[in-house]
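Bear in mind these aren't lab numbers, they're just calculated from the coordinates by the rules spelled out. As the structure is a prediction and not an experimental result, all values here were calculated from the model. Cβ placement follows ideal geometry from the backbone for every residue including glycine, while neighbour counts extend to all protein chains displayed.
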Amino acid sequence: MARAVVTLPAQARRGEIIEIKTLAAHPMETGFRRTQLGELIPRDIIRRFVCTYNGAEVFRVDLHPAVAANPLIAFTTVATESGTIAFQWVGDNGYSVTETASIRVE
Amino acid sequence: MTTRREFLVLACGAASITAATTAKAQIDPNQQALRKAAMQDALRRVVGDAPVRRGRVKLQLPPLIDNGNSVPLSVAVESPMTAADHVRAIHVFTEKNPLPDVVSVTLGPRAGRAGLSTRVRLADTQTVLAVAQLSDGSFWSDSADVVVTLSACLEEGLI
């Protein structure tokens, strides 16, 4: 089950730097591990995370197998206007999760 | 004349020192050299021939890690983050993981502060390198040494 959690303030002053924490539920299988029978477990990771603020991209991360399971990504952005902040995780085997949050800017 | 008691104290001390030095996760030297070369390749792919200077970047990792499967890592870059002067990208590399890349971040002035916190896997006691590319095209870096007692990816033939 694809699931993600995003934490950010519901409202902010204009120009304020807000902190955003995101957590996606994903095993991040590295592709280097083997089963007890010696077979390689195929890679299954989230490859890309993108954060868009009212449609404009503000932050993007390319992830590699060295990122731990259930990847946590914490970053900041400037609260410019009221609207929605969208988060998207894209990965192997057609994994794609989108989460949105709304923010009120005064 | 050494008494039995003195002998035992010395012997136990020596044994525990040996145990402490081998407690670090270790990969074999040939593989270490290959992986170091892989990291240099990955770094060159990002920076090209441009010089990488130390400073402005702050990479934070705990110095001693019990379990390499989930290690908190944070990178912060000193920058005003204005349209004229901001950080364009941050890359994190490891020296001894099976793959040198960890994360690559693309950001701009709208990020407010140039930084990121995440959790990573570390296969061995090693040096982690963070490189930031600024809007003027210059590269800055910081590295952190970490001691890993229990490695991630033990299945890879690591002891």
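Each of B:Trp140, A:Trp89 was scored by other Cβ atoms within 10 Å of its Cβ. Arranged with the fewest first, they read B:Trp140, A:Trp89.
Note down the net charge around B:Ser79, summing +1 for each Lys or Arg and -1 for each Asp or Glu among other residues with Cβ under 15 Å from its Cβ.
Every neighbour counted, the sum reads +2.
As a calculated quantity, the FRET efficiency between B:Val52 and B:Thr3 at R0 = 45 Å, using C-beta atoms, amounts to about 0.15. The slack between A:Thr98 and A:Leu23, meaning 0.36 nm per residue of separation minus the straight C-alpha distance, is 25.8 nm. Modelled label positions at B:Ala33 and A:Thr7, each set 7 Å beyond Cα in the direction of Cβ, lie 4.7 nm from each other. Evaluated over the protein assembly as shown, the count of Lys pairs having alpha-carbon atoms less than 25 Å apart is 6 (only pairs 8 or more residues apart or interchain).
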